[in-house]
Amino acid sequence: MTQNYFEIFNFPVRFNIDLNKLQKSYRIIQSKIHPDKFVSASEIEKKQSLMKSTEINDAYQTLKNPIKRANYLIKINLQSEIKDTNLPPEFLLQQMEWEEHLESIEENKKELKQFELLIKNEYQENLFNLENECDKNKDWDKAMKILNKIQFIDRLNSKINKQINLIETR
């Protein structure tokens, strides 16, 4: 039986994890199984090392990113692919308002910075709610809806940052 990503690093299966511990565990494991350690080994050992190293990299990249971690956590708890991406109508309206607001301030760095702060706060608030649903309530349907919000907010934040960078490089 294959280990899930949390088990690979000897972590409890939960959203809230210690990222410093994750990084340390990752480095320790990679130092033992990295393909560079198997240069003079048999072809089978080299291939196994490469496969294991790839799996460790995938696990690390997934767990260190809160969006990927939540997605993975929900998936293993629902034991199926995540399909429900419906968001409440209020949030869909909020999305449209935010997109329109971004359009209206796209040349104003000061307003973009203020908007960025607002969106980062929304992100943090939803991340807190996501952690609560995953680790405390174990309500995977609610967690999935919050994750969908976070993914939109994350994309919006990227757009804001891109616009700020555009202004700064002129």
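Taken together, the values in this text are just the output of simple stated rules run on the coordinates, not laboratory data. Remember, predicted model here, so these are calculated numbers, not experimental data. FYI the Cβ positions are ideal-geometry reconstructions off the backbone, even for glycines, and counts take in every protein chain you see.
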Quiz item: Roughly speaking, what is the stretch gain from Glu125 to Glu45, that is 0.36 nm per residue apart minus the C-alpha to C-alpha distance, in nm to one decimal?
Solution: 24.2 nm
Quiz item: In whole Å, what is the distance between the alpha-carbon centres of region 1-66 and region 123-159?
Solution: 26
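Quick check: net charge around Lys52, other residues with Cβ under 12 Å of its Cβ, Lys/Arg +1 and Asp/Glu -1?
Values: positive: Lys32, Lys37, Lys46, Lys47; negative: Glu45, Glu55, Asp58.
Neighbour charge sum, excluding Lys52 itself: +1.
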Quiz item: What FRET efficiency comes out for the pair Leu19/Leu92, r = Cβ-Cβ distance, R0 = 35 Å, nearest 0.05?
Solution: 0.65
Self-check item: Spin-label pair Thr54/Thr2, simplified geometry with 7 Å Cα→Cβ offset, distance in nm
Solution: 1.1
Quiz prompt | Environment charge of Pro88, counting only residues whose C-beta is closer than 10 Å and scoring Lys/Arg +1, Asp/Glu -1 | solution = +1
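Taking the Cα centre of region 89-168 as origin and charging only Cβ (+1 Lys, Arg; -1 Asp, Glu), how large is the dipole, in debye to the nearest 20? Working shown, then result.
Numbers: 12 positive and 18 negative charges, 50 e Å.
My answer is approximately 240 debye.
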Exercise. Quick one: compute the contact order of region 89-168, relative version, from alpha carbon pairs under 8 angstrom and 6+ residues apart, as a percent.
Key: 39
Exercise. Go through region 60-76 residue by residue and turn each phi into a ³J(HN,Hα) via Karplus (6.51, -1.76, 1.60, θ = phi - 60°); whole Hz please, and just put x for glycine and proline.
Key: 4, 4, 6, 6, 6, 9, x, 5, 5, 4, 5, 4, 5, 4, 5, 4, 6
